[in-house]
Each structure stands twice: as structure tokens, then as C-alpha cells.
């Protein structure tokens, strides 16, 4: 919408380093968790699952940055894609419980027996296969994003209108998933998981491996996102963000451009959600809450919009802050978060990454194009 | 000394010996242990005309009637005791009092006796009530009583009700050969009454094989006609609910629409302004209760201007302190106001606690009136009227005041307005204040129908957004139409698919609608409005 | 005769909320022709350009370009047919460098998927170098476009238009806000472009129109008022009345 703070592809230098750092930290923590308990370097199960959660959130932030930072779409509903990915993985994990549930039914999850359902609904078919679940993790968010985006971008819904309807989308999904009849466990969601691919989810080794996998997939997503935004397509994306009409008169179709990045972003978010569920052990309709989506936007804003690295950094830092804050001063976390929103937009529009750039280089090199409210193409 | 002893012994004997009954009147049987005697006594009493009969029977029903071994009957009234026959208090409570026990048969007989007594009571109101009770009971045993009452009743309203009660009672009995005409008449009489009770009886008749075909057909026709009426009324009822919810949405959304229209920003803290409006209502009520209790019933009216001023003032402060620094960056404004909403929520939670507070609904806003088959709750009706007044007032402000003119000018073309000498920053601040003040008014209204807690704003904000984007920007008629469409739409779908599904359906429909009409129902058109 | 025309707009009318912006307007252009369009504010110049580029759909009438019906196509499709448009307010991609701006404009790949994989070809590099030279922006090749002056942005946008290799260029008030020297240089540039392409220029600046030395069409109230050389229309009493009033 406004080219105020962001300069597309030139701020991508740190991305590769960030990907490496993510893998190293995740690997290090995973190894530390396998040390004997007495060791000074031992990482507790709590720390490992916390780290896994942060990295999964970082993937959500990355996906938000792709559309907000590079395509100018302020999404207030990306947690929907995250949660859908989580539910897709949760379905598989539910089926892995098998006959070990409270009711001991090998094919039906407990909550379905509780609703006295006789058989699995069709959309649960195949969910016992990990490969199918892994496909659904990206396919379902991608499909929803495809349909939603195709409708929205084709009819040129943009700006605040688009933000509001993304929020309505996740809100509607939240209400739907709260319904018992939908077949996803209603209020309680999916939980009490036991195994993944036959490995005990509570075993330290499994958790360590999951953390490493999360780190590697986050790094891979970072590199994939970098590939997208550094390509000629990425330049076009920034062009569409700043002057959509101009690209149209050059013969491009902005709706296709936005749709492509929107779907890709939804898939990354879905992947993040799936990793989140394996490590946090529960997915419920609360994940669809509009507040979650908006919070993920502030992670990106804090880290620095349109930089990819900033999204990862912001997600980790804000969530770390949240963990510490809620442990010490639970009353004050919402104040903290509120002031973070206001402070970042007012005083740190380029986020931490912008701050770092300023420190490294004299600000004279920073080019601040004139702020224009109107897009190109106005005659 | 011996003779004195003898006298005492004799006296004791007289008191203690069973069967040595000192009384033999209509009341006597009540103390009996045999149900038949009790039943007899009840029916005798009912027609005795004894002034104490009603009191005694009521006491019997409430288990306050006690029998003494000598046949005396007493009614306990708290700590004291009165003689059942005379109604006079007794100084000393006799020994050996036992409560008179009831079984179901006696209870039924008692209710019948009371009803038939009430049917003959001097006050028409009492008789009407008794007829109502019999209408609902349709006890076959009461037919003679009803006939008797009808023969002496003069009051037209009571007569009608008695005839309906008789009709219901007759139809509730199994059909017999020679009662056809009587039953047909009863069907007609009940059909005229309407209501679920009558429908139930008639539906039973319509399905009964024992019934004469003529009677059955009449009953069937009556049921289907009643069903049609019931459906029509339930549509009307839902329409009222829809209008009522629509007017709440309208109140919540107009402020949002104004700030969005004039400044192009979405105020995510709008819901919190509503919440604060509701808390202001509560505080005004508390203050008035303490200082001028006589004014308590109108505290809500006092709260209206106070909430408007408080929230409007906060709105101006927010615009001056936050929004103006983000001018031209609508998406950042959205984030900053979201942050503000978190702070406001937490602040209210810290000050007033996280739980619901009890905002009073004054007596003149409580309850409901029945209009035909419709139930109009007064508080919802009041909100409807209030929303109409607010909208009308707002129209006047926008059309007839300099501020309104300036706001419309800025909405249509900010740059041109600035060139004409309009101080746009001042207009922005006042527009934002006006929007927040309207949210405060919405808060006052919502406090009358919804729980007031720090989360109040969150439950309205998404619906209000939907109204604004659905209606289109800068057009209050659009906001009105959108609010009513969403309110009515939800309530129309609700009976068919349930409340939550209706809400989801409405959200999805609006999302789809926006995709087809990206600028809402009433878009501003022309060359100058490209985003 | 029709077959020879590059652009043929016939009997077009457009109404916005009851206001008739274009009223039964007809306009045609031969291949290789340059035409200047003048007219007071509200004459319908910009709306006419909107119709040709697919931004606005006419209520009635036809618009054909090389035999294609423009009223059935959207903006990207028309742009791909070979009509380039330059806006009055220079619109370049401010977050991208001059080179990147030009690269995006080059005729060629338009599919998003293909662009993901696209590498800069030798031919593209050559074209960009040529365009940098044409627009005299060689020194700024790697600077973000957002940091350039107004005039430089105008030139960059003209360069991007050339990159599209259109058969027809629509140029809206290219010299507004330029110095006299820049104005004359721009006139030279447009004449240079006109050697290979057809051009329609909307302009208020009569010195500039004179410098172009081309046929002029005068629009008034959404219709063609007069057509001819600058000298002819300057002498036309109707034109004088419209421009100067009575």
C-alpha cells in the first residue's frame, strides 16, 4: 500500500545466514536436550517444546511477511491457514492413537464415539496415512487460499476491505470448528496424541528430532521465500504492491501475481501449523481466533516488514517476551502487547531490521520515497 | 382434695378419649384419617358457603392445617395458631396436634373444590382466573361445575372463558356416540381461542379414530389454520428480533462508518469504546443510586449524554495522540488501534475486574408486551427507537451543521476540502470523536441486553466491520440497509440452521458479496475515487 | 479505408452517474501517425484514454485496434496487444531500481510462473542498456526509482513504455511540471519515438504541441470539436470561443 518502509529484494542479504542460524540453534537445543539431566548444558523438555513452538510461529510470521511485506496485503486471517495445517496433522495424530483411546475404538477417535457416530466422515478417510496428512497440511490451506484469493483479487478487493474480509474468514472458520457436528472435536479440538510415525511423542528423542525437523523446514521455507522474492516474480510482486495499476498497463495481471504468493504463503503457514501441533500436542478452534492472526502481524512489524529475516526474528522475540512476561507479570502482558503495536507503528515502522540497517550504514543512503496514498494509474 | 382429683381426671378423660368428639359439622371430616371422609368433607365445604371454607381449604393445600385429637382444627400461621372454624387466634396451642395429610386423590379433589368455589366468587377477576385454571386442566369431573357456573355467570368475558374451558374439557374426554354436536361446537370454540394449548387438544381430536368424521375435519381445518397463524406470528417475531439486532448493529457501526468514511481508517478500538460506554452507564447508575436515589429509574437517560461525552472526548484524544501520526497509512492505523484496544481492555479489567458487572435495567424497560402472537421485549423495543433517534440526529448533524458539511466535504475530496479552507485536522479529530461518541451510545444500549465485561467490544467488532464494508463507505443509508440486512438475515436463517451456522452463513455471504461488489452496496462512484 | 487504420474509435459514449463524459466521440489514427489532443479540463481527454486502454468500458460505440475489439478486453490484454500508456503523474516502481523497472517493462514473459524461473538474457541486458541510454539514466541504473526527481521519473516511465515495444503510445501530459529545456528535450524524444511507433499525446502546453509539429484534435464536452494542423485550429472561431470564452 505504501512504499514507506520497504524496499523489496535488496534487504534479503541476511536470509541465508538466518536459515543457517535457525538450523544451528534448533540442532544445538535438540542435542542439549539429550544430555543427561545433571549436565549444565541440559535443555529441559519444556525448553525444547517452547523452542519448537517459537519456530512454528516463525513460519506463520514468514508467511505473513510474504503477503504483507512483499504484496502489500495486510492479512488479518493467516492464523486460519496455520490452524488448518494444524488440524490436518492433528487428524493423523488422532488416528495414530488407535485403540489406546478412552473408548478403545481402533478406527474412531474418542470424540466421535462420544457423539455416537458410527463411522468416519469422508474427509477423515486416509488420515491414518502420514503421507496423506502431510499432503493435506499444505493442500487444504492452499486450496482455501486459492478459492478465497481468486475471488478477492479478481474483483480487486484491496486495502482495508481485504483485511476485514480475511478477518471475517478466520472468524467464520472459528465458529464452524467450535461446532461438534463438523467432526473436528468441537470445543476441545484434537489432543491426547500418543505417537507420530510409531515414535512416542513424549520421548525426548522424538521431541529432539521434531525440533530439528522444524528448524530445517523453517530454514527451507526461508530459502524458498527468498527464492520467490528475489526472482523476477518477486520484483513484479513489489511492483504490484506499490503501483498495481501500472503493472496492469504493462500487460501483467496483478490478480494472478497476488494469488500465487497468497497460496504459497498459505501453504507455508499450514506447514507451520502442522509442526506446531506435533510439538504443542493440541489444536483447538481457539487457534482461529482473529486476535491470533493480528498478533502474527505484529511479530512481522516488530522484526521488520519485507525482510523475511525480520519475520523470524520478530516471531521469536515477541513470543519469548510473552513467555517471560506472562510468567513474571501476567497482568501486564496485554499492556505490553498493546504498546508494542502502537510503539512499532509509530516509532519503528521498519522494525528491528530497519534499526540494524541504520546502525550499520549512515541513514543518508536510505531512500524514502514520497509517501503516496494513491496508487499509480491515476490520471 | 379427692373430688378435685376426680374432676381433673374426668376432664382429662374428656380431652383424651378418642371418639369423644366435641364437634360435628362440615369441617369434621377433614380431620379424619379415612380418605373417603375427607373427600366428602371437601366437597361439602366447597358448597357450604361457610366464610371460613376458602381459608381452610387453602391451609389444607399448603399443609398448614392441623387436627387435634378432640376433632378441633387449627391453622398454623407462623408462630401462632388460629381455630379453623372461627378464625379466632387461640391462646394456648393444644397438645397432640397432627398435620392433616394429603394424597394425590385428595389434592385433585381439593383443587377442583377450590376452583369451583372461585368460579362462584363475587369478584369477576377471581372467577376469570379460575376459568383459566380449568381451561388448562380440562378435568372431566369439572364439567358439571362449569355448567353450573355458566348458568349463573353474567360477566361476558368470564362467560367466554368458561365456555372455552368447557370446550377444552369436553374435547379432552374420549368421543362418544351422541355427543357429536356438542364436540363440534367445542372444536369451533377452541379454534377461536388459538394458542398452543388449544392446538394440542385439536390436533389430538384431528387424529383420533374414535371421532366422528365431521368433528375430525373441523378439527383438522382448525389446526391448519392455527398453524398458519402461528407461523405468521413466528415470522413476525423473528422479524422483530432481526430489526432489534439490526438496530444494535446500526448503533455499533455508524460510528465506525463515519471514521472510515471521513478518514479512511478502521478503528479497531471501536468495540472498546462501546465497552467503555457500557461501563459509564454502570458508573452513572452507581453514582445516582448513592447521591439521588429518587432518580434511579432515569439513570439510564442520564448515562446517554455522559457516555457520549466521555467516549467522544476519548476519541478526540486518541485522534490527536495517535491516529494523526499515521495519516495516509490505513493499515498501520489498523494495527495501532488494535494495540490500543488491548490496552483499554486490560485497563478496564484491572480497574473493574474481569467479570461481568450488573448494569440495572430500570423497571420501565423491563418485561414485555404481547402483540398478537408476538412478544415484544421493552428493552429491545427501546433500543430500536433509540437507534432510529440516533440515526436521525446524526443525519441532522451531517446535513444541517457546518461540521457536518465539512465532514461530508472531506469524505468526498480531502484535498479539495483543504484547498477550500477547511481545517482537515480539526475535522478529523471531531469526526473521530463523533465516531467514538456514537460507540459510547451503542454501549449504553448494549448494556441493557448483553453482559457487560471487558470483552464486550470484541463480540461486536467483527459484525460492525461487516456492516461497514457491506454498506459501503460514506453513506449512512448504506450503513442502515447493511445493518438491517445482516440483522434480519441472521434471524431469518437462525430457525432453519441454528444460530452459529446462521452467523457463519452471513459472514460467508458478506465475504462473497464483497468479492462481487468490492465497494459495498452503495459505493461512491466517479473518476476521483480510485483507491 | 478502415483496414488501413491502426486505431479506430467510433461513436463512443460514456456516462458517469448521469454525467456524459464522452459524447458520441470518433477518432482514428493511421499507422505511424502522431496526434496531439488538446481540450479544456473536463473535455474527456483522460476518459478517452481510459476507453482505449480498457480501464473504462463505453456504454455505446466501438473501439478497434489492428482489428481487435478493445471494448471486450481488459487492461493487461490491451497492453499485450501493443498499446502503451503513460500517465500524467509519473508512476514508476519506487522500491525497485531503474534497471529493475526497465526489466519488468520489457516485452516478453508475462506469466507469473515463468517469471519465478526467469534469468536475465543477453538480449534483455542489451535492451536495458539501450533504454538507459535513450532516457539518459545510465548513471542511476542501480538507484531506487523512488529517489529520483520528477523529471527523471517521467523519463524512466517513457523508457519503460519503450521497453514494452508498443505499436501505439498514449502519453498524458508528459511535460507538466517540466522546465522549458526539459520540455523541448521531451518533444525531441517523442519525435524520435514516432519514427517507429504511433503516438497520441494529450497536452495543454501549446509550445510543446507546436514543437511536435503534428496534427491536432480538439476535444470539447466529450466530443471532437475540430481537427487539423495547429495553425488551422488556432484560427477556428469555435476553438477560440471554447478556450477563451466570449
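The values are calculated or read from the model by the stated rules, or taken from the named source; none is laboratory data. Everything numeric here is computed off the predicted structure, so don't read it as measured data. Cβ coordinates were reconstructed from backbone atoms using ideal geometry, including for glycine residues, and neighbour counts include every protein chain displayed.
Restricted to helices (runs of 4 or more DSSP H) entirely inside segment B:418-529, those with at least 2 residues that are within 14 Å of another protein chain (Cβ to nearest Cβ), at pLDDT 85 or above and under 18 Å from residue B:383 (Cα atoms) are B:456-471, B:476-497. Scanning segment C:163-183 for residues that are in contact with a strand residue (DSSP E or B) (Cβ under 8 Å, 6 or more places away or on another chain) and more than 10 Å from every other protein chain (Cβ to nearest Cβ), we see that the one that is modelled with the lowest pLDDT is C:174.
Where helices (runs of 4 or more DSSP H) fall entirely within segment B:2-69, those with at least 1 residues that are modelled with pLDDT under 75 are at B:2-16, B:35-48. Scanning segment B:260-283 turns up one or more residues that are at pLDDT below 95, surrounded by fewer than 21 Cβ atoms within 10 Å (Cβ to Cβ) and within 8 Å of chain A (Cβ to nearest Cβ).
Is it the case that some residue within segment C:132-142 is closer than 27 Å to residue A:223 by Cα and more than 21 Å from the chain's Cα centre (by Cα)? Yes: segment C:132-142 contains one or more residues that are closer than 27 Å to residue A:223 by Cα and more than 21 Å from the chain's Cα centre (by Cα). Against the list (1) surrounded by 18 or more Cβ atoms within 10 Å (Cβ to Cβ); (2) at negative phi, the condition residue A:180 fails is (1). In the set A:55, A:50, A:60, A:84, only one residue is modelled with pLDDT of 90 or more, touching a helix residue (DSSP H, G or I) at 6+ places or on another chain (Cβ under 7 Å), assigned to a helix (DSSP H, G or I) and surrounded by fewer than 24 Cβ atoms within 10 Å (Cβ to Cβ); that residue is A:50. When restricted to residues that are in a loop (DSSP other than H, G, I, E, B) and within 12 Å of chain A (Cβ to nearest Cβ), segment C:45-80 contains 6. What are the pairs with Cβ atoms under 9 angstrom where one residue, in segment B:71-98, is in contact (Cβ under 8 Å) with a residue 40 or more places away in the chain and the other, located anywhere, is part of a strand (DSSP E or B) and surrounded by fewer than 18 Cβ atoms within 10 Å (Cβ to Cβ)? Sequence gap at least six, or different chains. Pairs found: B:72/B:83; B:73/B:83. Scanning segment C:81-94 for residues that are at the interface with chain A (Cβ under 7 Å from one of its Cβ atoms) and modelled with pLDDT under 90, we see that the one that is nearest to residue C:41 (Cα to Cα) is C:88. Do we find a residue being at pLDDT below 95 and more than 14 Å from chain C (Cβ to nearest Cβ) anywhere in segment A:232-239? No, that holds for no residue.
Specify the residue that is nearest to the other protein chains (Cβ to nearest Cβ); the eligible residues are those in segment C:100-119 that are surrounded by fewer than 18 Cβ atoms within 10 Å (Cβ to Cβ) and part of a helix (DSSP H, G or I). Per the criteria, the residue is C:116.
Scan segment B:324-347 and tell me whether some residue there is surrounded by 21 or more Cβ atoms within 10 Å (Cβ to Cβ), assigned to a helix (DSSP H, G or I), out of contact with any strand residue (DSSP E or B) (no Cβ under 8 Å at 6 or more places or on another chain) and more than 9 Å from chain A (Cβ to nearest Cβ). No - not one qualifying residue is present in segment B:324-347.
Note on segment A:87-109: among residues that are part of a loop (DSSP other than H, G, I, E, B) and either in contact (Cβ under 8 Å) with a residue 12 or more places away in the chain or touching a strand residue (DSSP E or B) at 6+ places or on another chain (Cβ under 8 Å) (or both), the one that is farthest from residue A:120 (Cα to Cα) is A:101. Filtering B:253, B:219 for residues that are more than 29 Å from the chain's Cα centre (by Cα), crowded, with 21+ Cβ neighbours inside 10 Å and not assigned by TED's automatic domain parsing to the domain that holds residue B:193 leaves a single hit, B:219.
Within segment B:356-371, being exposed (fewer than 14 other Cβ atoms within 10 Å of the Cβ) and over 12 Å from residue B:279 (Cα atoms) holds for B:363, B:364, B:366, B:367, B:368, B:369, B:370, B:371. Among the residues that make up segment A:292-302, is at least one of them out of contact with any helix residue (DSSP H, G or I) (no Cβ under 9 Å at 6 or more places or on another chain) and within 14 Å of another protein chain (Cβ to nearest Cβ)? No, because not a single residue in segment A:292-302 is out of contact with any helix residue (DSSP H, G or I) (no Cβ under 9 Å at 6 or more places or on another chain) and within 14 Å of another protein chain (Cβ to nearest Cβ).
The condition (being within 20 Å of residue A:61 (Cα to Cα) and either surrounded by fewer than 22 Cβ atoms within 10 Å (Cβ to Cβ) or in contact (Cβ under 8 Å) with a residue 40 or more places away in the chain (or both)) is satisfied by just one residue among A:281, A:273, A:338: A:273. Taken over segment B:459-471, the criterion of being surrounded by fewer than 22 Cβ atoms within 10 Å (Cβ to Cβ) and touching a helix residue (DSSP H, G or I) at 6+ places or on another chain (Cβ under 6 Å) is satisfied by B:462 alone. Assigned to a loop (DSSP other than H, G, I, E, B) and within 14 Å of chain C (Cβ to nearest Cβ): does that describe residue A:251? Considered against the rule, which asks whether it is assigned to a loop (DSSP other than H, G, I, E, B) and within 14 Å of chain C (Cβ to nearest Cβ), residue A:251 comes out as yes.
Is it the case, given these coordinates, that residue C:36 is surrounded by 15 or more Cβ atoms within 10 Å (Cβ to Cβ), within 14 Å of chain A (Cβ to nearest Cβ) and in contact with a strand residue (DSSP E or B) (Cβ under 7 Å, 6 or more places away or on another chain)? No, not satisfied.
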